[in-house]
Structures are given as structure tokens and as C-alpha cells.
Amino acid sequence: MSSHTNDGHTNDYVPHAPGYVDNEGPKVVTSRFTYEDSFTLERSLATGGYDGLKAALAKSPAEVAQEVKDAVVLGRGGAGFPAGVKWGFMPQIWPRYLVVNGDESEPGTYKDRLLMERDPHQLIEGCMIACYALGLNQCFLYVRGEMPLAHERIATALNEAYAAGYVGKNVMDTDVSIDIVLHWGAGAYIVGEETALIESLEGNRGQPRLKPPYFPAAKGLYYQPTIVNNVETLANLPWLMVNGAEAYKTMGSEASPGTRMLAVSGHVKRPGVYEVEQGVVTFRELFYDDNYCGGIRDDNDLKMFIPGGGSAPWFFEDQLDIPMEGRTVGAAGSMLGSGALVVMDETTDAVKAALRVVRFFARESCGKCTPCREGTSWEEKVLQRILDGHGRPEDIDLLLEIGTNISPGTYPVASFGDAGLDAVPFPPKQTTICPLGPSSVAPITSAIRRFRDEFEAKIDASADGGVAAVDAESEPVVAAAGGH
Amino acid sequence: MTATENAPATTGVPFTLNGVELEAKQGENLLDACDRLGVHIPRFCYHPRMTPVGMCRMCLVEIDTGRGPALQPGCMMTVSPNMVVNTESEATVKAQDGVLELLLINHPLDCPVCDKGGECPLQDNAFAYGPGESRFVEEKRHYEKPIPISDLVFLDRERCILCDRCTRFADEVAGDPLIHFVDRGAQTQVNTFPDHPFSSYFSGNTVQICPVGALTAKPYRFKARPWDLTGVESTAAVDATGARVAIQSSQNRLVRVLGVDSDAVNWGWLSDKERFIHEATDAEDRLTDPLTRDDAGEFVVRRWTDATKIAAEALQGPAERIGVIGGARLPLEAQFLWARLTDELGITSRDAQLGDGLDPAILSGAPRATIDRACTPGGTVVLLGADPKEELPSLFLRLRHAVAEDGVKLIELTPRASSLSSYAKARLYAAPGAAAEVAAAISTDASASVGGVDAQELAKAAELLGADGPVTVLVGRANLAETADLTAAALVALHDVAPDLAVLSGLRRGNIHGAIEMGLVPGSAEGGDGAAGKSTEAMLAAAAAGEIDTLVLLGADPMADVPNRELVESAFAAVATVVSIDTFNTASTARADIVLPAAAWGEVDGTFCNLEGRLSPLSAKVTSPGQARADWIIAAELALATGHDLGVGSLGEVRSAMVETVPSLAGVDFDGLVSDADGPVIGGDRAWSLSAPSVSVPPVDGYGLRLLVDRTLWDEGTMVHHAPSLAHLATTATVSVAPAVLDRLGVQPGDQVTLNHENGSVDLAVAADGRLPDGVARIPFRAAGFDAGTLIGEGPVVDVRLDRASS
Amino acid sequence: MSRLNAANVTLANEIISHYPKKKSALIPLLHLAQEQDGYVADDAMEHIAELVEVTPAEVLGTCSFYEMFKRHPVGTYMINVCTNISCQLLGGEELLHHAEQTLGIRPGGTTDDGMFTLEDVECIAACTEAPCLQVNYRHEYRLSTDDFDRLVADLRSGKRSDIPAHGTLGTVRQHIPADRRAGIKHPDDEGTPAWFASRQPAES
């Protein structure tokens, strides 16, 4: 165990959080992960730290931005939008801000925490490169509240970097001056949505703003132009600055260059966080190859898997051979999202799994707009009732119908041949302000489309067809008004 | 976006609505455009006077801006060229049906006992757009049934649909974010911070804009069912802003007042005083019968004919020995008749102000501003007077919007930081007695502080006054313990820096501007010797000197309202006959010899003239109690009884006479006022003709602190006192000083201190007020527990000293 | 219970100085209050309202939105068991059930001795190490029920000095020395950085 002092000096090391697997393959963002002291300035500098910033400062901001655009650095937070293009949306208005989204909390996602804990200097360097390219001097690094080790290591790294002249006034003895402020959240999944993150950073309830008109690039933090980038996205920049866009594009596929950090959890033999080339490795390889997860536990059959975090529609065996990149996964009816893969084997109860994910969204709904606030908790109640043995035959269609009130039209689904169903591509439509509400529809639609029989079996087994539960819980019509 | 920008600004924006090609205005909100074009899109959270938030999702409609139809909240959309909107498509109807079902799943079915039942947007939308039945069989959300969130408002969180209207109003419009969303997701609720109630002067607006029965007003709860109410449009007359209202009654009782959206005046908002003061009309102790004194000096009830005869005798004495005080409570028609009657009688001493206002020359001798002019984006407003939030709260909301949202620049030339100080661009907190001196020092070259104001602020003010955009000075009476001449002198000094300024009157009392317009001001009597007319203070002084036989009080209570208490006492003691025409027993009616009961607000038709000179209707909704009758009838009868038939037998005839004889009313269509939400402004063209009165202010004497006496919204005024829901809100008298003064005295807030002044001393609780400059002691006027009028004499300023109370 | 103490007011003002607008410091200041008292007291919220110049209701609105802020005292150790999908698949719910049985409390409850508060929480970003939990937000990974019992025993016997009191987040804070600061200003007072204009190619 370790001890810390308040001046930022670490006497000895808190061990790294486990999970990272040092597999074969190119390493863009995890190159220092295997060092015990990977988070120190000393180790960083010894392994090329801040060389990327130095390279960037030797160019004009516009050239740096162009390099990022040329490299097609896709956002690693979920939507997969090219960072360079996003940067280009900023109007010529100052002040402008960079906000780093380190509020990792999508179910199944475990990669930004590792990047922040194991290599904070890489992230800080990435922030500095982005700030330089965007011509701004204030960056806020929003770290999820429940990650104190990340706070400590970033705070320490920032204190070191300020002292050593990599951040702050006259960076690396140039005229460039940029502040980076560490900010910490306090427990709200929705804050991972960029406009909610901005609200939260303003000290408000983390409720999303409407787009339009509040696109952050134009009207973000303090209603000024703001870029919100994910931790992993920015962590790519030091390597890119040192090695260049051409080298970057030799990794991954043409549409999705570079690598992704993927967290594979659930029923695999070797769950872990892997850095994987995008669009090259298939789901099957990831789950079954020895370089990665090594197969399903107990050599069971795969039942389903979530390819991109709790918000993503489920995939099944039919999708195992899709190469992992945003475009292909989207066309197949889901998303690679935040690189969170949750594998479920044949023993998994589909209704229970769906309920658990829905419950997450119901608990995390911010409450701002009606369909999400009311719809997600209604979905949860109906699913819970089915699981508790009080389901009614009409509940299955009711669940789908509530879903269409949150996400109208046909919800994205993966194809499966034996049901004659074609994939409906991601993303869904929404009656809500942000995608949280529609995300709750993903597990329901996925589970009912594929495993309707499991729902029916639970309902058939209900002793009372739901009637007893309904009677016990129904509202007396006027009695509630007695309190006047 | 660029297409809109490139379109010529003068043309409409073509778009398609339900298959019909129509035009929207440039920059027009889609919901507003549809409303205007006769297509209703249901909504809950949208309110045209607040920032759209797109939260309830009720107004989702299918919109195609060239990328295919998609559901969008109409309230967040500005109509863009060639936008295709379909409010009737399958997708739209499905979305609306879905949102309503979701809104209703947790909404209690207590409509039969809900105040909102029958006029509820949720009911109406559910009926028009809803699913008809609920598929929700789970248990609904439960909260403790209505909780008081302030003295006036109850909140039922089970009924709340979280539309953000009340919370947005509190934050964005009132600037009192004391209610807020609390908790998250399906548990989200509106609430206050523990022990910090929603004590906003404007809380009642939240009840009016609540789209369900979640917020209810204590004065109205369970008083009536909406379908039993009948209403008329009228004007709030409790202050001079003239906010437009609808007044509603049930069974001949006024039960509710709602704000009406007048673009020129109050934008639909009301202060709680304007909203709830109607309770006073229904008060138990209204004056119901004419009263005169018997031989023993006791009041006896009289018939009108007898009382009128007795009063007429008093009015027929020597005209120079008669004074008429008051008239601001009266409708314009009654003010006109009183002016005519006193003209006929040759009475020149008449004053609708009570020594707590301004020289009417300030209003007649300067170009007059409207509220809209003051609120013109890019303009500058100077506060030279009382805090508008305390005296003219609906006007305050307009000013607040102007300075907070529309870039109007604010200069405070006030004795302490006003309620708008956080928006002020220059802060000139002149010590009592120093306003004129400070105003005269405003200069871009200012290099030394004057009257406690830094040179930097003086220079900033000069820069703002010299900038483009109209300059409007809100002139009122900031300090009742200071002579009004100082205000006049300050205004003249401002005019030297900003010669194009216009004045927005800050006189606060009801229909005071109508009274001034009709000539109830000293020296304006037709044919009389102008110089001979006395002001209220001069009349009282003359009375005290035995030079006045009869004082007529027109809805005035000088015993309570004239700041110089000693003066009033001696006048009442000396005068032979006091005739009081009023609605309530007041300190002054109790001392009167003849009391004539008048009809109150809500009981008579008439006309109101607000501080801009804008005319609007006053409407009768209920009948007066007992024998109380309209002021114009009282005046007409007195005229007859004194042998001066004014020839008016109906309100219509009064109005005809007004249009004929009052130049500023020429062409006014009184009958059309109800249907004109803005109303005509009279007497607008006025040239600058003011000169500065000379005032010499003595240096601060040994007492050390200069006194500031000003008003708070909730005081012991007659109307507030008679409104049961409001009476207990009256400010308690404390003396407040800057925190540094407390430290010097070595006392804590709440401690008793002894206030010493020329006439003696009094013990009061002390409070700290960070808005006060050092060297100033403030006491609210007409506060509960102490009459600050006893401190005010004839001098230009009042000095006091504070000591720790001896145990 | 209490307002921020003098040392924390100093810290609070340093934190406020890191932001262009004061209200942005609200969440960090609420953490500071929670670090001081173990929970966010009403008085602390009122104090924070004064510091960042908003109303207490606005502070409450923000505070109550975020799960980590507890507005009532909690146990010495807050045990947050993850039951989200990755953990559920590998026994997270069983672990929670075991915790309930062992501690004798339901999620949200606190043991009578004030030692433990139990919570059923959402994903805590350790999905490959399921089932997992946090004690005062410090992670524990791949717990069996035996591991849980051992953890509780260690906490009771004071063997886990590495876990600070509830409310303490990072034990290291960011400090920006005055002479190293690029300059954080209110948005109204901030313009284009001088270096940006001089480093851009002439045509843009």
C-alpha cells in the first residue's frame, strides 16, 4: 500500500487497477501500460513523453488540426465522429474551450479510467496538442467522481507538468500559454452526454441541452464554442504528432484508422481491456482467439453480446464475423459505442439481462424530458413484474409500444436469418432530448425480437396473469386527494 | 441558417404548414407562427415570455428542413425558409398521444377536487390529443400532498409534470431562484431549500402559469370552480404601473386576479400585491355607510342625502380656507369631476400627492418616456429614486428583463444598491442629501470621489450617458427623509450630461398620474390664482396655523402616509372639519368629522392612467357593500348639493365631458380601452423646462448617521393591511446599517439599539445590510412596530445616532 | 451540520479561482463539504451558495442530482456493490444479497454501529474484474462472498488504512502556482490568445 502527501509527492505506488491485457498488436495509447510507474513524469519523459507536444508546437495550429483531420481520428466516446471534422465546426469566436470527457460510465466500459490512471501525462499531452490546434487556452478535464485514483494521478501529473513547463504559462519555453483544470464529477451517467457534461461543468444539474440550437462547437461551455472530446481520442494525439497521419493510417481499416481500446467482460475465459486495430479484428476473433479472450467460459455456447455498451442493441452469433469498426457495426444494427463488449453465454436469462440494463437507464434518466423520465421507469416496472411472475400477455406488446413512444419507428436491430429479419441500422429516432431514453429500448427490443419465447414462458408461468399484482398496486381514484 | 440571414429582412419566411403555403415572420418561433396562423400545437413547457426549453415534448411535430421529416419540438424551432411542418401526420399524432400517456401515468386522478380542474391544460390536451385510456397498471408516484412553499403558494408534487415553467419564471423572470428541480429522473421534483421559502414578490405568477394543479394560491384554494367564475379585464390599481389583469368573481365576491399580457406594460406578469390585494375589497371592515358626528362627537350613520348636505356645507366655506388632499385612489372620471367641482368652488389647494412624492413639474417639464422606451435594447436607464422592486414591482420585471437580457445599460443613482445592482454598469450610491451633488459631478474627467461615489463610477456613468441609444431616467422618491428638491436638482444635473433624456415617472401611488393629468395638483385650478394653491404639506402647515377650516381627504390617509408625522398631528388637531371619502376605516377617517363610503377597486367602472400616461380600463365585477358608492357619483352629488350642477348623470356623460374639455383626452375612445391590450398614451409631448431648485444640505451633524426612510412592498399600508393573506407579510421595523457600522457599535444583527434623533430616542432591532453605504441608517416606512414618520421633520435631511441599547 | 471551516474556505477560494465562472466550482465545493463532514450538510450548502453567489435552492438542485452527494450522515464505510450487467453476469446480485445478509441492512441502509452503509450501484468501470465493489470509492475486484467477509473483517479491525474516510476523493489536489498560470478569466474578459494569432499562417 502507499501513502501520499498533500504536496503531490507520492512515496510509493498504489498498484495499477487490473484488467489490461498486453496482447500482440500495435500499441498507440497503451504503450506505457506495463510499467509499474507508467503514470510518473519521469517514466513518461523516458519513453517519449511530450515529444508529440514539442512536434506540434513546431507547426502552426492549423497544420496540427489538419494532421488530426488527415489521420481520421474517430471519436472514441461513443458516436465515433471524426475529431478533426468536429474541430472544424468551431466558429471564429473566442473565448472557446476544450472539455475532456472522462466521465466513463456506460455499462461495460472500462478503458478511459485505465488511460487516466496509467498514463495521465499522455492524456495531458493530448489535451495540450488539441488546445494548441484549436487556439484556446482553457481546458477542463472532467473526470468521473467515482475514480479517486484517476484524480490523484492526474492531479499529481498536472502539478508535475505545470512545474516542468509542459502546461501553464509559456509552454516548453514558447509564447504558448494554456491552463488545464482538473474537474471531478459526482455520480451521474448522463453527464457523459456532451451537453450534460457542459451543464455539469457550469455547476448545474447534468441535464442535456437541446441540439439544435446548443451544439457545443458553437454554443457550449458558457454558451461559447466548445469542443468536447473523449479521453481516449485525445490520448491518440501524442503518437499521431510524433509519427504522423500516414503512419497512423497504416493501422486499422481505411474508414477507421488506428486502434481501439476494447473492454470485454462477461462470460469469456479471459475478460480484459485490449488495444485492438479497428476494422481488422472480428468479434469472433476477439472472443475466441488466444491473443484475446480465449473463448466462452466453460466452452458454453454464445447466447448474445453487447457490442458497444449498455446503450447498444444486442448482437448474436450471426454478427460474430463482422470486423469491429463503427461503420460496419452501425450498418448491422448496433454500435461499437464506447468499446464495451459484454458477452453472455447460453445460461443467461434474457429477460433478467434486459431488465438490468433497462433499470440502469431508468435510474440514470435525468428527468428533463417526459418520454425518458416516465417511459424508462415504466419499462422497468413492467419488466420487473414479468420477472416477478406477474406478467400479462399484453405486457410484451406494451413494452414494445412504450419503446416506440421513446424511439418512434422501427428500432435498430441486428438481423437473424431464422426469423427472416433484416438489420435495421443504428442510430434510432427519438422523441427525447438525448439518446439516453432510446438506449433503454435497445435491450428490450433486442431481447423480445430474439427471445420472445422466454418472455412468454415467464408470463405463462405467472399464477395470476398479473391480476393480483395489478389489483394490489392500482391507484384509488379520488382517495389520494383526501389530504387537502 | 444562412438562408434566413440572406433573406431580405422585410419579407416573410415562406413555409408549408399542413400542406398550405404560408408566411412566418423573420425569426418567428414555430409555435408562435402556428398560433398566429390558427393551427394549434399542444404544449406545456413553452411560454411565450420565457426561453423555450423543449422539455415536455408535447409540441413534437414532424418537420422537414430538407433532410426528410423528423419529429422536432416546435417550441425550439425558428421557422426557416421552405420548412415543411405537419402537425397532423401519423408520426406527429402518435408522438403527441405517446407523450400524453406518459405524462398521465403518474398524474393523480384527483381532478374533481383540483383547483385547476376545468381549466387545466393537461385535461384539455388529454381530451384533444390523448390516448383515452391508460395502460399503466403500476403504482403511481407518491409525495406528501400539498406542501406550502411560501406564505402564498402550495405545491402538490404528485400533480407536477416538471415542465420547468415555475422554476424558469423564478430564475429567469423574477430573479428569485428559490424553487428548483431537486433529485433526478422519475424522482425529480420541484422544491425549495429547507427553511428558505419561495418568498418572491412574484410567486403568484407561478400559479397562473402552472399547466396543472401543482401550484395553488392560498388565497384562491377551494374558493371556486372555474366554471362558476365570471371575469372582466381591468387594471391593477395598487401601484402606478397599471398592470393589465383579469378579475374574476364567484357569487359576488372577487376571488381571483390573473395577469393579462400587455405588450407595452406587464407582459402578463403581476406582483403578488397586484394579484392578491383584491382580498381587501372583500374585507370585513369596509366603510359601508355615510357617517357624521353627533353632539357627543360619536359617529352616527346617515343617509346619503343628509351626509351629502352636511359635507356640502363644509365645502361652501371660504375657498382659500379649504384644502383637498388625495385622489390617487380614484378612477380618472372621478378625478376629473373632483377637479371640476373644486374649480367651481374656487378651491385651489388640492394635491393628490401626500408629501411623499415629487413636484409635478418634474413630470410636466420633461419629455416623458414609456416603459418600452426605457427597455429599448442598447439604451441606458438611470435609476433616480426608490427601488422599483419595492414600489413598482411589475415595472421592475420589465426593467430586469431589459438589463439582464436585452443589453440595456443601468446606472444606479440611489442611496443604496437596488434590486438590479448586479446588472448595473455604474453604481452611484449617493449618501442621503448628496444625490444632486453626485449627479452634477458625473463627468468623463471625474477625478475625485463625490458624496461617497468613486470617480471611476462617475466617469463610467458619464460614458454611458453619452453613448448611443435613448437615455431614460426613472425618477421617484428614494428617501422620504430627504427633500424631493434634491431629486429634482439631480435630474437637472443629469440633463446637463444627457440633454436628450426622457423621464419615466416613478411615482408609485395608484392612479396618481391620472390625478395629476386631471389637475389635482396645487395651483392648477382653472381661473384660480395658481400661486395660491397649496401642496399637501403646505395645507397641513396652514391648517396647523389655523388658516384652514376644512380638509377633504379623497381616499387619502395623511395620518399614515405623509412622512412628517408631527405636522399631520398638529394640522388635524387644529382644523375644524375633516371630510374623508374612503373605502376603509383608517387612522385619518377615525379623526374625520364626515365620512363618505366609496366603492372600491373591482366595484366600479372607470379609467386608469399609468406612470407612462397610458390609459386602461378599471372594471366593476362585484357590487359595493352597504351604501358605498362610486367616487364620481359622490363628486356629482356634492356638486349638486353645493349648487354647481356638473351636468353628468352617467359615466358615459362624464367621459364625454372629459373628451370635450381635457385637451390630452381629445379623441380618446374610453369604450375601446378594454379591447386594447396596450392602451393609448396621453400627454406624451413635453419639452424640457426644468430648472434646479436650490437646496442647501447641512454637513452631517454630531448624530453621525444620515437617515434613509423608504418603502418595502409589504408594509402596513391600508390595502395590504386589509388583505388577510398579505397582512402578515408586512415588514417589521428594524434599523439597518452597513456591517461595518455594526462592528463599530459592537452589536450583532438582531440586537436592540437606541436610535437618537432631534425629537428623542427609540429602541429598535438592528440589522446588517450589505447594500447600504457606511454612514447611512435605514428604516422602512410604514413598517410594523415603529412609525418612521416620527423621525421626519422639515429639514432637507435627517441625522440620527445609534447606540447600544442600555440593557 | 456545519459550514466550511477556515482551511476549507481557503481551499474553496483556490478551487473557485480555477474557473471562469464561480458556479462551475459548485460540484468540487460540494465534494469539499462532504470531505469535511462525511456528508453534505444543509449549512454547508448555504455556505457554498454564498461562496459561488447563487441561492441555496440552486445548490440543492445541483447537489441532489448527483448520486455521490449524501445529504444525511452515512456509515464510516460506504460499500457500493455493482450489479450492472457485467457484474450481474458473474454474481454481482448474489454478492449484494450476501452483503445484505452479512451486514443486516438493505441497500441505502446503515448498520446500527454506523460502520457501514450499503448501496446497490451502477457500473463503476471495472467490468472485466466482475463482480466488483467500492469502499468509499476505492475499488475491490472479483469478489467471492468469502472475499467480502474478509473485506468487512479487515475494515472492522482497522486494517484498511489505505481507505480514507467517506467524502475524501483524491488525496492529491491540483494546485496551479500563480507564476505558472496561463490566466483563467471570466468569459466576458477573455479574447483570442495572442499566441494563436501570431502562429497561424497569414491567409487565415
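The values are calculated or read from the model by the stated rules, or taken from the named source; none is laboratory data. Predicted model, so just to flag it, every value in this text is computed and none were measured. Cβ atoms come from the backbone with ideal geometry, glycine included; neighbour counts cover every protein chain shown.
In the range A:401-441, which residues are without any contact (Cβ under 8 Å) to a residue 60 or more places away in the chain, in a helix (DSSP H, G or I) and surrounded by fewer than 15 Cβ atoms within 10 Å (Cβ to Cβ)? Once the filter is applied, which keeps residues that are without any contact (Cβ under 8 Å) to a residue 60 or more places away in the chain, in a helix (DSSP H, G or I) and surrounded by fewer than 15 Cβ atoms within 10 Å (Cβ to Cβ), the range A:401-441 yields A:Glu401, A:Asp418, A:Ala419.
For the range B:74-171, list the helices (runs of 4 or more DSSP H) that sit wholly inside it and hold at least 3 residues that are surrounded by 24 or more Cβ atoms within 10 Å (Cβ to Cβ) and touching a Leu at 6+ places or on another chain (Cβ under 8 Å); which are they? Before the answer, list the steps.
Numbers: elements: B:90-105, B:121-129, B:165-168.
Where helices (runs of 4 or more DSSP H) fall fully within the range B:74-171 and carry at least 3 residues being surrounded by 24 or more Cβ atoms within 10 Å (Cβ to Cβ) and touching a Leu at 6+ places or on another chain (Cβ under 8 Å), they are B:90-105.
Screening the candidates A:Ala79, A:Ala65 for the property of being modelled with pLDDT under 95 and assigned by TED's automatic domain parsing to the domain that holds A:Gly168 yields one hit, A:Ala79. The set of residues from the range A:310-326 being among the charged types (D, E, K, R) and either part of a helix (DSSP H, G or I) or without any contact (Cβ under 8 Å) to a residue 60 or more places away in the chain (or both) comprises A:Glu317, A:Asp318, A:Asp321. Screening the candidates A:Gly409, A:Gly389, A:Gly437 for the property of being of a type in the set (Gly, Ala, Ser), at positive phi and under 29 Å from the mean Cα position of the chain (by Cα) yields one hit, A:Gly409. For B:Phe181, the conditions (1) touching a residue at least 12 places away in the same chain (Cβ under 8 Å); (2) within 14 Å of chain A (Cβ to nearest Cβ); (3) surrounded by fewer than 21 Cβ atoms within 10 Å (Cβ to Cβ) are fulfilled apart from (3).
Taking the criterion of being surrounded by fewer than 24 Cβ atoms within 10 Å (Cβ to Cβ), without any contact (Cβ under 8 Å) to a residue 40 or more places away in the chain and not aromatic (Phe, Trp, Tyr), would at least one residue in the range A:91-112 satisfy it? Yes, that holds for at least one residue.
In this entry, B:Gly407 is excluded by the filter for residues that are closer than 24 Å to B:Pro796 by Cβ and not hydrophobic (A, V, I, L, M, F, W, C).
Each residue in the range B:97-141 was checked for being within 8 Å of another protein chain (Cβ to nearest Cβ) and not acidic (Asp, Glu), and 15 of them qualify. Restricting to the range A:34-51, and then to whatever is among the charged types (D, E, K, R) and either in contact (Cβ under 8 Å) with a residue 40 or more places away in the chain or assigned to a loop (DSSP other than H, G, I, E, B) (or both), can you tell me which residue is nearest to A:Ala157 (Cα to Cα)? Ranking the qualifying residues of the range A:34-51, first place goes to A:Asp37. Per the listing B:Ala404, B:Ala366, the residue uniquely of a type in the set (Gly, Ala, Ser) and either outside any loop (DSSP other than H, G, I, E, B) or in contact with a Cys (Cβ under 8 Å, 6 or more places away or on another chain) (or both) is B:Ala404.
Can you find, within the range A:127-146, the residue that is nearest to the other protein chains (Cβ to nearest Cβ) among those that are out of contact with any Gly (no Cβ under 8 Å at 6 or more places or on another chain) and under 30 Å from C:Ile124 (Cα atoms)?
Once the filter is applied, the top-ranked residue is A:Gln138.
Is it the case that some residue within the range B:725-733 is over 27 Å from B:Leu420 (Cβ atoms), among the hydroxyl-bearing types (Ser, Thr, Tyr) and in a helix (DSSP H, G or I)?
yes
Return the only residue of A:Ala263, A:Ala245 being crowded, with 18+ Cβ neighbours inside 10 Å and more than 14 Å from every other protein chain (Cβ to nearest Cβ). Exactly one residue qualifies, and that residue is A:Ala245.
Looking only at residues in the range A:176-202 that are charged (D, E, K, R) and in contact with a Pro (Cβ under 9 Å, 6 or more places away or on another chain), which one is surrounded by the most Cβ atoms within 10 Å (Cβ to Cβ)? Across the range A:176-202, the extreme among qualifying residues is A:Glu194.
Filtered by the rule that a residue be of a type in the set (A, V, I, L, M), within 24 Å of C:Glu35 (Cβ to Cβ) and not in a helix (DSSP H, G or I), the range A:100-152 gives A:Val100, A:Leu141, A:Val143, A:Met147. Scan the range B:445-468 residue by residue and report those that are small (Gly, Ala, Ser), part of a loop (DSSP other than H, G, I, E, B) and either at pLDDT 95 or above or farther than 26 Å from B:Arg373 by Cβ (or both). Hits for the range B:445-468 are B:Ala446, B:Ser447, B:Ala448, B:Ser449, B:Gly451, B:Gly452. Looking across C:Leu155, C:Leu151, one residue alone is closer than 27 Å to A:Gly266 by Cβ, more than 10 Å from chain A (Cβ to nearest Cβ) and more than 16 Å from the chain's Cα centre (by Cα). It is C:Leu151.
Any residue at all in the range B:268-285 that's over 23 Å from the mean Cα position of the chain (by Cα), more than 14 Å from every other protein chain (Cβ to nearest Cβ) and at pLDDT below 95? Yes, there is a match, as at least one residue in the range B:268-285 is over 23 Å from the mean Cα position of the chain (by Cα), more than 14 Å from every other protein chain (Cβ to nearest Cβ) and at pLDDT below 95. Restricting the range A:147-162 to residues that are facing another protein chain (nearest Cβ under 7 Å) and farther than 24 Å from A:Gly309 by Cβ leaves a set whose member that is surrounded by the most Cβ atoms within 10 Å (Cβ to Cβ) is A:Leu158. Might you check whether a residue that is more than 10 Å from chain A (Cβ to nearest Cβ), farther than 17 Å from A:Ala17 by Cα, modelled with pLDDT of 95 or more and buried (at least 21 other Cβ atoms within 10 Å of the Cβ) occurs anywhere in the range C:86-97? Yes, the conditions are met somewhere in the range C:86-97.
Filtering C:Ser17, C:Ser24 for residues that are at the interface with chain A (Cβ under 7 Å from one of its Cβ atoms) and at negative phi leaves a single hit, C:Ser24.
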